[in-house]
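Working notes, structure below.
The values are calculated or read from the model by the stated rules, or taken from the named source; none is laboratory data. From a predicted model like this one, the values you see are computed outputs, not experimental measurements. Positions of Cβ are backbone-derived with ideal geometry, glycine not excepted, and every protein chain shown enters the neighbour counts.
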Amino acid sequence: MSTTANWTYTNTATVEPFLGEDLFNGGTSYGEPFDIACTWVTKSEQRQDDRGKEFVSRHVIYTEDARPKYRDRITLSGAATAEEIRAVTGYDMSFFGESADFELVT
């Protein structure tokens, strides 16, 4: 973990990777959950998902972990339910000599 991320991302969340949909039975399958270090903010604003469809956000999560992707489910520490990641944005941190940071929007 980078120096900046070490003091910024003090919370955790659990991510369940999206594997696919069963169009015949209507189910969705997810992979083995993993934890990420993060910080987050509750934010309701008009956004576009990674496919261009508009939605109103619930949470914006910041992390240095590159593994979470569009349609993965994420559960914030202490939350009762998982939310679908609708948009992922990367931020260049090379100015600080660090790897990229990511914004995950549910």
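Residues in region 35-69 that are loosely packed, with under 13 Cβ neighbours inside 10 Å and not acidic (Asp, Glu): Val41, Thr42, Ser44, Gln46, Gln48, Arg51, Gly52, Lys53, Val56, Arg67. In region 33-84, the qualifying residues are those that are out of contact with any strand residue (DSSP E or B) (no Cβ under 8 Å at 6 or more places or on another chain) and of a type in the set (D, E, K, R), and the one that is farthest from Asp101 (Cα to Cα) is Lys53.
Cβ-Cβ contacts under 9 Å between residues 6 or more apart (or on different chains), taken from a first residue in region 79-106 that is more than 20 Å from Ala13 (Cα to Cα) to a second residue that is surrounded by fewer than 11 Cβ atoms within 10 Å (Cβ to Cβ), are listed as Phe96/Thr3; Gly97/Thr3; Glu98/Thr3. If only residues of region 14-29 that are modelled with pLDDT of 95 or more and either aromatic (Phe, Trp, Tyr) or assigned to a loop (DSSP other than H, G, I, E, B) (or both) are counted, the one that is nearest to Ala79 (Cα to Cα) is Pro17. Picking from residues in region 84-106 that are modelled with pLDDT under 80 and touching a helix residue (DSSP H, G or I) at 6+ places or on another chain (Cβ under 8 Å), the one that is surrounded by the fewest Cβ atoms within 10 Å (Cβ to Cβ) is Phe96. In region 47-106, of all residues being in a strand (DSSP E or B) and among the polar types (S, T, N, Q), the one that is farthest from Glu16 (Cα to Cα) corresponds to Gln48.
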